[in-house]
Amino acid sequence: MKPARIEKKRQMPVSWSDIPFGRQYRQALQYQLRPWWPKMFGFHLLKLGHLSTEIDTEECMISHQFSVGNDDPRFHVLAESQALPFINKSIDACLMSHVLAYSHDPHWMLREVDRLLVDDGWLIISGFNPFSLLGLGKMVPFLRKQQPYCSRLFPTLRVFDWLSLLNYEVLYHCNCQVFPWHSPNNWLNQRIGGIGTLNVIVARKRTYPLTPTLLKFKQPKVKISTALGATKRMSDRSKNS
């Protein structure tokens, strides 16, 4: 297995339109997340990266929604994604659309987002599935340097492992968009699953005690001398009677 951290930094596309069939990918992602937005409550929704900015989140119940990134006037806050300028546990939900796919250190990226999320906060992650048509295209030499084949393709189970180490509960997962050139409403994309080019994960941050212990109640200790004294007095009374 290749290490998650690499030295070479990869440039994320500025827009979904910079990716072949990017419009279909964006529609498929919005289609998968539509049932989940009304379930999220809180004060702040963070959209991280260029691609997250273009995702429609109007149905989300969180009123304050803002985007963070660098070198783009569309962002509300200009900052490096691996050093976000927010205090601990200040974000209720975070959308990471293909952020891990273009990160040179996904472990650090997840830890930074985990630092910001409140307890029971929501984390939405999307990426490309290596076990798909897109993964086969990455094996072609002249396609490796083109979008989206130049991105990093992490298996879903590997991302699950990273989330479990941070105590996240995966509530929903789907591999969709088997044929990227079709719309998400196409009957082939809706009926064939597991090998979709796009993977979507909805997880929630859980806080558990590190060492669960049982409550211990102190019971009064009876001194042996006191018990013997009481027995002796009872025997003396019986003799006198």
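The values are calculated or read from the model by the stated rules, or taken from the named source; none is laboratory data. Worth saying up front: this structure is predicted, and the values here are computed from it rather than measured. Cβ placement follows ideal geometry from the backbone for every residue including glycine, while neighbour counts extend to all protein chains displayed. Note: areas computed on protein heavy atoms with side chains; ligands, DNA, RNA excluded. Shrake-Rupley method; radii C 1.70, N 1.55, O 1.52, S 1.80 Å.
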* Structure fact -> Amide H proximity to A4 below 5 Å, modelled H, separation 5+ or other chain, gives none
* Structure fact -> Taking the dipole of segment 1-83 about the Cα centre (Lys, Arg +1; Asp, Glu -1; charges at Cβ), the one of C60, H76, W36 that reaches farthest to the positive side is W36
* Asked: Once Lys and Arg get +1 and Asp and Glu get -1 on their Cβ, which of P141, C174, Y102 lies farthest toward the positive end of the dipole of segment 48-176?
  -> P141
* Using the Cβ atoms and a cut-off under 11 Å, what net charge is assigned to the surroundings of S97, where Lys and Arg are +1 and Asp and Glu are -1? -> +1
* Run the accessible area of segment 72-215 with a 1.4 Å probe and give the carbon-and-sulfur part as a rounded percent. => 62
* What accessible surface, in Å², does a 1.4 Å probe find on F43, ignoring ligands, DNA and RNA and rounding to the nearest 10? -> 150
* Considering only protein heavy atoms, what per residue accessible area in square angstrom results for segment 51-183 with a 1.4 angstrom probe? -> 46
* Asked: Counting only residues 5 or more places away or on other chains, whose amide H sits under 5 Å from the amide H of K89 once H atoms are built in the peptide plane?
  -> L116, L117
* Structure fact -> Quick P(r) readout (segment 63-111; Cα-Cα; 5 Å bins; whole %) gives 4, 17, 28, 32, 16, 3, 0
* To do: Count the net charge of all other residues whose Cβ sits under 14 Å from the Cβ of I6, scoring Lys and Arg as +1 and Asp and Glu as -1.
  => +4
* Quote the charge dipole size of segment 77-165 about the Cα centre in Debye, to the nearest 20; the model charges only the Cβ of Lys and Arg (+1) and of Asp and Glu (-1). => 520
* **segment 94-171 and segment 1-33: distance between their alpha carbon centers, rounded to Å** => 9
